[in-house]
1. For the range 108-149, give me each residue that is modelled with pLDDT under 95, farther than 30 Å from residue 189 by Cβ and among the small types (Gly, Ala, Ser).
2. Run down 183, 190, 126 and say which single residue is buried (at least 18 other Cβ atoms within 10 Å of the Cβ) and either of a type in the set (S, T, N, Q) or more than 13 Å from the chain's Cα centre (by Cα) (or both).
3. For residue 159, indicate whether it is over 30 Å from residue 18 (Cβ atoms), in a strand (DSSP E or B), of a type in the set (A, V, I, L, M, F, W, C) and in contact (Cβ under 8 Å) with a residue 12 or more places away in the chain.
4. Which of the numbered conditions does residue 174 fail, given that it passes all the others? Conditions: (1) buried (at least 20 other Cβ atoms within 10 Å of the Cβ); (2) closer than 24 Å to residue 72 by Cα.
Amino acid sequence: MGTEIKDRMVKFFAKDDRLVTVNAAQGHFATSQSHINYYIDVTRIKIRTKEAMEAAKSLESKMLHRITTVDTIVCLDATSVLGGFLAAELEKGDFHNTNMHETVYVVEPEENSIHQFMFRENVKPAVQGKNVIVLVDTMTTGETVKRSIECIEYYGGIVQGVVSIFSITDHIDDVQVISLFTADDMPGYATYSPSECPFCKKGIPLDAMVNGYGYSKL
């Protein structure tokens with residue numbers, strides 16, 4: 001679209017906490033499942049402790065009265081820093097915990113060569129029989145989160161909800177999604193199947209491929 005993606009970035013503030021922000025750029029982007037007209041950069045919340053701590057406080061507030069018990073946080077897309085701060089917030093007393101030491105476990109699933117999530121034997125006890133929330137950075141189609149939920153349930157975990165920095169939906173099947181930012185916060189945000197993408201139909205090239213780790217220019 002004529003300018004570098006970083007030069008098109010605009011800062012957006014969370015409605016309930018002006019200290020929580022993300023940057024986003026409009027354009028033509030592709031994920032593994034869809035095409036989108038915004039790239040939402042959540043890097044600061046994922047790697048800076050100050051921003052992660054504030055985001056964790058906001059997520060905990062949004063979770064209150066909607067989720068009652070959390071034993072384990074399963075982190076996707078390199079959200080473990082945020083997951084650690086969120087665990088600390090949940091341990092302050094407003095959420096029930098059934099773990100022996102009254103602490104919240106924070107784990108990441110492993111993804112094998114055929115893109116199935118799995119947990120090794122040493123991590124299984126943190127999932128089996130536990131009340132689990134899934135933490136993800138951004139969610140559009142929800143396919144990755146669905147796979148993680150299937151994995152958690154396969155290992156005997158009980159999924160209580162999904163929490164995210166950004167999501168276009170408030171439910172994945174019958175599982176609630178709690179997010180800091182929604183599509184309403186991004187004017188005109190849209191996601192398309194690759195075959196129905198209006199940018200592609202007009203011959204507009206992709207700006208970049210994007211995923212939970214960032215973007216790669218073509």
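The values are calculated or read from the model by the stated rules, or taken from the named source; none is laboratory data. Nothing here was measured: the structure is a model prediction, and the numbers come from that model. For neighbour counting, all protein chains shown are included, and Cβ atoms are generated from backbone atoms with ideal geometry for every residue, glycine included.
1. Within the range 108-149, 113 is the sole residue that qualifies.
2. Answer to the selection: 126.
3. Details: over 30 Å from residue 18 (Cβ atoms): yes; in a strand (DSSP E or B): yes; of a type in the set (A, V, I, L, M, F, W, C): yes; in contact (Cβ under 8 Å) with a residue 12 or more places away in the chain: yes.
In short, yes.
4. Just one mismatch for residue 174, condition (1).
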